[in-house]
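Have a look at the structure below, then the notes.
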Amino acid sequence: MAGTALAAGILTVAATLSAGLAAVGGAAVTAQRAAGAADAASLAAADAASGAIVTDEDPCALAGRVALAAGATLTACTTDGLTATVQVSSAYAGLVAVSRARAGQPEG
């Protein structure tokens, strides 16, 4: 009987740890996905602002579409000449991952 209780306790602890590790892994994947979406969105906006991409669309509107296609939501976008700075967010299990990216001419 004591062995059964011990085995049940070990299985409960193992299941709890597995669920916790799965949640942490999912959050890490979401953070990386948000970072990739921010990079892609900022590059798209900078390319549109510089004329490298021929489009009638506003650079920030294009960045919003790119972020959405990458599984994130554009929350902020600014263009300054040929430079674009964006912020995106992506949610996983009630947690929100926020990432910022800048593309364009180098500073200085």
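The values are calculated or read from the model by the stated rules, or taken from the named source; none is laboratory data. Owing to the predicted nature of the structure, the values given are computational and were not obtained by experimental measurement. Here Cβ is always computed from backbone atoms with ideal geometry, including for glycine, and neighbour counts include all displayed protein chains. Note: accessible area is taken over every heavy atom of the protein model, side chains too, but ligands, DNA and RNA are not part of it. Shrake-Rupley method; radii C 1.70, N 1.55, O 1.52, S 1.80 Å.
I'd like to compare 6-15, 97-106, 66-75: which one has the highest average count of other Cβ atoms within 10 Å, and what's the full order after that?
Packing order, densest peptide first, comes out as 66-75, 97-106, 6-15.
Order the peptides 34-46, 81-93, 17-29, 51-63 from the highest to the lowest mean number of other Cβ atoms within 10 Å of their residues.
Put in order of decreasing packing, that is 34-46, 81-93, 51-63, 17-29.
Give the carbon-plus-sulfur fraction of the accessible surface of the range 42-108 in %, rounded to a whole number; probe 1.4 Å, heavy atoms of protein chains only.
Answer for the range 42-108: carbon and sulfur cover 53 percent of the accessible area.
With +1 on the Cβ of every Lys and Arg and -1 on the Cβ of every Asp and Glu, and nothing else charged, how large is the dipole of the range 1-99 about its Cα centre, in debye rounded to the nearest 20?
Rounded to the nearest 20 debye, it is 520 debye.
Once the Cα atoms of helix 2-50 and of the chain are each reduced to a long axis, what angle between those two axes, in degrees from 0 to 90 to the nearest 10, is obtained?
0 degrees
Would you mind getting the accessible area per residue of the chain, heavy atoms of the protein chains only, 1.4 Å probe, in Å²?
61 Å²
Does the chain classify as rounded, prolate or oblate by the C-alpha gyration tensor (a ≥ b ≥ c root eigenvalues; a/c under 1.5 gives rounded; else a/b over b/c gives prolate, otherwise oblate)?
The shape class here is prolate.
Using a/c under 1.5 as the rounded threshold, could you call the range 54-108 rounded, prolate or oblate? The axes a ≥ b ≥ c are square roots of the C-alpha gyration tensor eigenvalues, and prolate needs a/b larger than b/c, oblate otherwise.
In terms of gyration-tensor shape, oblate.
Against the longest principal axis of the chain, how steep is helix 59-69, in degrees 0 to 90 to the nearest 10, with axes from Cα atoms?
The angle comes out near 30 degrees.
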